[in-house]
1. Just the number, please: carbon plus sulfur as a percent of the accessible area of the stretch 7-70, 1.4 Å probe, no ligands or DNA/RNA counted.
2. In nm, give the distance between the simple-model label positions of Glu426 and Asp39, each being 7 Å from the Cα along the Cα-to-Cβ direction.
3. Could you order the peptides 344-354, 261-271 from most to least packed, using the average number of other C-beta atoms within 10 Å per residue?
4. Could I get the Rg over Rh figure for the stretch 321-367? Both from C-alpha atoms, Rh via Kirkwood, rounded to two places.
5. Taking amide H positions as placed 1.01 Å from N in the peptide plane, with prolines and chain starts having none, which residues 5 or more places from Thr132, or on another chain, fall under 5 Å of its amide H?
6. For the stretch 382-438, what Kirkwood radius comes out of the mean inverse Cα-Cα distance, in Å?
7. Can you give me the three principal axis dimensions of the stretch 77-128 from its C-alpha atoms, in Å, biggest first?
8. How many nm is it between the label spots at Lys284 and Glu268, if each spot is 7 Å from the Cα in line with the beta carbon?
Amino acid sequence: MSSEESDFPTVKLNVSEGRSQLYWKTIRAFQYIYKHHLDDADWFLKADDDTFVVPENLRYFLSHHNTEDAVYFGHRFRPFVAQGYMSGGAGYVLSKEALRRFVKGHAEGNCTHSSHIEDLALGRCMQTLKVTAGDSRDEKNRETFHAFPPEKFLIRKLSKSRPRDSLYDFYKRHQGPGCCSDFAISFHYIRPREMYTLEYFTYHLRPYGYKYRNTPHSLTAAELPSRQGFTVWSRSATVVSRDKSVARNLTQNVRLLCWVLTAPKFLESRAKHVHATWAKRCNKVLYMSSEESDFPTVKLNVSEGRSQLYWKTIRAFQYIYKHHLDDADWFLKADDDTFVVPENLRYFLSHHNTEDAVYFGRRFRPFVAQGYMSGGAGYVLSKEALRRFVKGHAEGNCTHFTDIEDFALGSCMQTMNVTAGDSRDEKNRETFHAYPPEHYLPRQQRRQLPSHLLYDYYYPVEVNTRFQIIRKLSLNESLSRVSK
């Protein structure tokens, strides 16, 4: 819905643009839908152009409600309206009866343009017309509609006072991994590139060996709501399922030691977040730094700085060889701003032998004949590769000839006859990634090959006059990415 027609399939409404016109635009949009599309749908969702929605989860939630009831759902705010009202940014969905009443209310003067604050004005109208502000939380009282991006809720913050914006929430806000429903419906303030990232994480990326944490209760034909029938929403409509047996078996059979390259100044801002997320799924994790601290770091005899990265890598692998060689089968090096899916890495490695001299990662092309692995994307060494790397430096076959860590390590690996393995999936899509997902996922207009891609050992696929970098991003077995 817009104020102008264009080549993009917009509906032109008789409104002006600007924040002060948002409620007028909302009124005109619902009037248009009522006139032209009332019988085309059962429910009617309004969303902003920076709202990400999972329609499948919304349909599942709505399947327990009757569209002939006067009700609407969204992220419920508290002030100014007795029953609360729904955040405009998070999106809200009206039943058919709610839509009828809204249009009729404005036609008959029971509702007016009382405020340019769209969600508040619509909420007042709904209360006047006796349209219920429904509860959209899940069976664990976790929100499904969200007025902010995921990171606003997922990271626990130590604060003596509640965030100002949370004072609007009708229900108490929770922070941390338990903040949001596993069947989340929407998030607001999503930038264009993040739309593609959320699309990828929602519909494509899967950790190997896991079943869904929650399995929706399968609705029988008799249970499905209809225009004549009525189904009561049950908060026990989802059945918790944490079947990780396949992943658990791989954890035992493909032992993975992860070591994270960090520094004292990054322990709080980076390393602790690695520790709280993906690293806990490694068989063993070590944080390599130049100092000891309350955070569980291993102190190496090195200085800090980019010029010291390869020294730190050498010392880290020497330490692991001396103290932890028998604790794992494979040895992953990752930066403190790298995100890894250990389950997918184990699945990939389960098809390889740790006694072979091989290592894997995002393969770069220049300077080393067989290529070398990007340091930022992370790389993983077999036990034999680790032995040869340590031996190479001990016997002088490998030296610290450059401070470029990944290039230097790759040169050593070639010298020691350690193969630079191919980590692409069965469709030749990359599994290790040197940049965040949004760097690859949006399709780019035809242009000169970006300079950073000149480093890639395998080239992106050009299809229909576009570099379809998305084809390079593995949809099922993606192993790693580097966050901003």
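The values are calculated or read from the model by the stated rules, or taken from the named source; none is laboratory data. This one's a predicted model, so the numbers in the text were calculated from it and none came from an experiment. With ideal geometry, Cβ positions are generated from the backbone for all residues, glycine too; neighbour counts draw on all protein chains shown. Note: accessible area is taken over every heavy atom of the protein model, side chains too, but ligands, DNA and RNA are not part of it. Shrake-Rupley method; radii C 1.70, N 1.55, O 1.52, S 1.80 Å.
1. For the stretch 7-70, the apolar C and S fraction of the accessible surface comes to 48 percent.
2. Here the modelled spin labels are 4.7 nm apart.
3. 344-354, 261-271
4. In the stretch 321-367, Rg relative to Rh is 0.98.
5. Val71, Tyr72
6. Across the stretch 382-438, the inverse of the average 1/r is 13.0 Å.
7. 26, 22, 18 Å, listed from the longest principal axis down.
8. According to this spin-label approximation, the distance is 3.1 nm.
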